[in-house]
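Student: Questions regarding the structure given below will be posed in turn.
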Amino acid sequence: MRRLEEYEPILSQALRLCARQSAFECQPPLGDVLASHPRLIVAVNHSTPLSWLPAAALLVVNAVARGGGLRTPMGVMDRFFFHVPFFRELAHLITQTERPLSSRELIEKFEASENLDLVVFPEGSNCFFGRSDEVQEFRSPKFVEIALRTESPILIVAHWGSENWAKSIEVPQAIVDRLGVLPPFMQRFFEKRLKEKGKLVLPMWPAPMERFSMRCELYHPSLSVDDLADDADERFTQIAGEAERIRNRMCELVAELSGEKQRTIARN
């Protein structure tokens, strides 16, 4: 599996193309976090469908600069991307797996490794159906259960600056009604959220940002693995509640970064 230091050269170049300036903060300092925790769950907000690129680039550049070059990143992507020819190779590169793994497989792989970081964008495909300046509902809280069962803290990562990399369009109900002709995996991807929102967020050609900012915060879940219920439904409710606390904190971090951007514009 590739280590962060192998991704860093191309991602540092991508960051220079994506943003003229960048800013990074972490609490506690990222070097201390990496030194203290051989495994991390890294939960990143999505913003637009393409915002994962500058987010990954800025995070990797800073992790390598602070001694994390030998750590191995392992991403999680929606099963949808493993079915589409163009996205399939991207999914293999990001997840470092040939197929989507189940939660149990992820837990087993994570428990057996050190210096391995599981990177998730919990909003998932919901970023295609909501405002890019807001943190959308999490597709799944499963990453919380993985954190609990592997006794790994969660690094919450929020970023701001790429919100204009998408355009929202209205989708007529007549088109939504015809989604039944799509393959089943595409129906699952589009139908429910389109019916709810009536809008589709399309990626735009990513113009360079003036400034891309990121703020990270180490989060220790209030639950422990011993707290988890045996009943599957009750257990899901527990981890969903913890995930919502994480989402609320992510929203606060995004709002803080947005406020700083507005203050900078006002001063100029």
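Read-outs throughout are calculated quantities, based only on the coordinates presented, and are distinct from any laboratory measurement. For clarity, every value in this text was computed on a predicted model and none was experimentally measured. As a convention, Cβ positions derive from the backbone with ideal geometry for all residues, glycine included, and neighbour counts pool all protein chains shown.
Student: Run the quick spin-label model on Lys195 and Ser113: label points 7 Å from Cα toward the beta carbon, then report their separation in nm to one decimal.
Tutor: 3.7
Student: Using only DSSP helix segments of four residues or longer, with each worth -39500 (n - 2.57), what per-residue ellipticity at 222 nm results for the chain after dividing by its residue count and rounding to 500?
Tutor: Dividing the helical sum by the residues of the chain leaves -14500 deg cm²/dmol.
Student: How much length is gained on full extension from Ser102 to Met1, taking 0.36 nm per residue of separation minus their Cα-Cα distance?
Tutor: Here the answer is 34.5 nm.
Student: Return, in residue-number order, each cysteine of the chain whose C-beta is not under 4.7 Å from any other cysteine's C-beta.
Tutor: Taking the Cβ cut-off of 4.7 Å, the unpaired cysteines of the chain are Cys18, Cys127, Cys251.
Student: On a 22 Å Cα-Cα criterion, which of the cross-link pairs Lys142/Lys167; Lys109/Lys142; Lys142/Lys192; Lys167/Lys195 come out too long?
Tutor: Values: Lys142/Lys167 29 Å; Lys109/Lys142 15 Å; Lys142/Lys192 20 Å; Lys167/Lys195 18 Å.
Too far apart for the 22 Å limit: Lys142/Lys167.
Student: Any idea what Rg and Dmax come out to for the chain if you just take the C-alpha atoms, in Å?
Tutor: Cα-based Rg and Dmax for the chain come out at 18.4, 56 Å.
Student: Of the options Asn62, Ser258, Ala35, report the single residue whose Cα projects farthest towards the positive end of the charge dipole of the chain (beta-carbon charges: Lys, Arg +1; Asp, Glu -1).
Tutor: Ranked along the dipole, the leading option is Ser258.
Student: Please report how far the C-alpha centroid of the range 101-150 lies from that of the range 200-250, rounded to the nearest whole angstrom.
Tutor: 8
Student: Right, next: Between Gln21 and Ser168, what's the calculated FRET efficiency when r is the beta-carbon distance and R0 is 25 Å? Round to 0.05.
Tutor: 0.40
Student: List His46, His220, His159, His37 from most exposed to least, where exposure is judged by having the fewest other Cβ atoms within 10 Å.
Tutor: On the way: His46 23, His220 10, His159 27, His37 17.
If I rank by nearby Cβ atoms, fewest first, I get His220, His37, His46, His159.
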